[in-house]
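Only the coordinates and a few stated rules stand behind these numbers; no lab work does. As the structure is a prediction and not an experimental result, all values here were calculated from the model. Here the Cβ positions follow ideal geometry from the backbone for every residue, glycine too, while neighbour counts run over all protein chains shown.
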Amino acid sequence: MQDSVLTDIPVQYKSITEATKKLSFNMNSDLYTGSLLKTLVASKTSGRILELGTGGGLATSWIREGMDQHSRLITIENNAALLEIGKQQLADPRIDFILTDGYEWLNAYAGEKFDLIFADAMPGKFDLFEETIALLKPGGFYIIDDMLPQPNWPTGHAERVDDFISRLESKKDLVLTKMNWSTGVILAVKR
């Protein structure tokens, strides 16, 4: 088995990558994380999906590939130029692209809970974690990446990651799998 051979890369992957490079954005999700997201999303028939941190839409493109025709995705981004790339490349009536501050959105959201949350931004991952997990249905997936050292980490971030992993491990309402794979992925399921 060659996990490095991916044959189902979304059509928009290359154009999104090129567009985000022009904006000097270097925090795109990698191919492995995308492939995992697609598979997990596909397990949620008529799923309600939340993505915190759209970026230019690379992970969003994989999520969309896994969605059935009755699934819905809300994706949150605070950078208008990045979000516009995703909106242009991935226009789809099943996707709500929302330009807002993730902290404000998480604090204000009072709608239905989600079957899967991909937290790829500070709010939802390191900050407002309890508020984010409260939005997840029992049996729902919570996915985070970038848990292994990354070249773009600021000073002190490694300690923040270690503290967050310890916090996740102490949660009695989550079942975790930590994967030393891709950029370091943690997959949790809410009990």
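Suppose every K and R has +1 on its Cβ and every D and E has -1 on its Cβ; what is the size of the dipole of the range 26-190 about the Cα centre, in Debye to the nearest 20?
With Lys and Arg at +1 and Asp and Glu at -1, about 540 debye.
With θ set to phi - 60°, apply the Karplus curve 6.51 cos²θ - 1.76 cosθ + 1.60 along the range 94-100 and write out the HN-Hα couplings as whole Hz, x wherever there is a Gly or Pro.
Residue by residue, the range 94-100 yields 7, 10, 9, 8, 10, 8, 6 Hz.
Working out 0.36 nm times the residue gap between Asn152 and Arg167, then minus their Cα-Cα distance, what length gain in nm do you get to one decimal? Mind dumping the intermediate values first?
Details: separation 15, 0.36 × 15 = 5.40 nm, distance 2.30 nm.
Length gained between Asn152 and Arg167: 3.1 nm.
What is the Cα convex hull volume of the range 61-150 when expressed per residue in Å³?
Per-residue hull volume (Cα only) is 120 Å³.
So if I place +1 on the C-beta of Lys and Arg and -1 on the C-beta of Asp and Glu, and nothing else carries charge, what would the dipole magnitude of the range 115-164 be about its Cα centre? I want it in debye, nearest 20.
Once rounded to the nearest 20, the dipole reads 100 debye.
Hey, if you put +1 on the Cβ of every Lys and Arg and -1 on every Asp and Glu Cβ in the chain, which of Gly156, Gly66, Thr17 ends up farthest toward the positive end of that dipole?
Towards the positive end, the residue furthest out is Gly66.
Could you tell me how far the Cα centroid of the range 174-191 sits from the Cα centroid of the range 79-136, in Å?
The range 79-136 and the range 174-191 have Cα centres spaced 19 Å from each other.
In terms of the ratio Rg/(2.2 N^0.38 Å) built on C-alpha atoms, what value belongs to the chain?
Relative to the 2.2 N^0.38 Å estimate, the chain comes out at 0.96.
How much net charge surrounds Ile133 when only other residues with a Cβ under 13 Å from its Cβ are counted (Lys, Arg +1; Asp, Glu -1)?
Local charge sum for Ile133: +4.
Contour minus end-to-end for Lys22 and Glu159, with contour as 0.36 nm per residue of separation and end-to-end as the Cα-Cα distance?
Contour length minus Cα-Cα distance gives 46.2 nm.
Considering only Ala19, Ala91, Ala110, give the residue with the highest GNM mean-square fluctuation for the chain, with springs between Cα atoms whenever their separation is below 10 Å.
Its mean-square fluctuation being the largest, the pick is Ala110.
Among Lys21/Lys171; Lys14/Lys87; Lys137/Lys171, which pairs are too far apart, with a Cα-Cα distance over 27 Å?
From the list (Lys21/Lys171; Lys14/Lys87; Lys137/Lys171), the Cα-Cα distance tops 27 Å for Lys21/Lys171.
Among Thr60, Thr20, Thr45, which one moves the most in a GNM of the chain with springs linking Cα atoms closer than 10 Å?
Answer for the Gaussian network model of the chain: Thr45.
Defining a contact as two alpha carbons under 8 Å apart and six or more residues distant in sequence, what relative contact order in percent does the chain show?
Relative contact order of the chain: 18 percent.
Choose one answer from Phe25, Phe97, Phe141: the residue with the largest mean-square fluctuation in a GNM of the chain with alpha-carbon springs under 10 Å.
Among Phe25, Phe97, Phe141, the largest mean-square fluctuation in the Gaussian network model of the chain belongs to Phe25.
Name the residue from Ser46, Asn26, Pro93 whose Cα lies farthest towards the positive end of the charge dipole of the range 26-190, charges +1 on Cβ of Lys and Arg and -1 on Cβ of Asp and Glu.
Ser46
Direction-averaged shadow area of the convex hull around the Cα atoms of the range 44-106, nm²?
Spelled out: convex hull of the Cα atoms, projected over all directions, averaged, 3.8 nm².
Could you give the nm distance between label points at Ser46 and Glu112, where each point is 7 Å from its Cα heading toward the beta carbon?
0.8 nm
Provide the percentage of antiparallel DSSP beta bridges, counting only those with both residues in the range 26-190; round to the nearest 5.
Numbers: 10 of 29 bridges.
In the range 26-190, approximately 35 percent of DSSP beta bridges are antiparallel ones.
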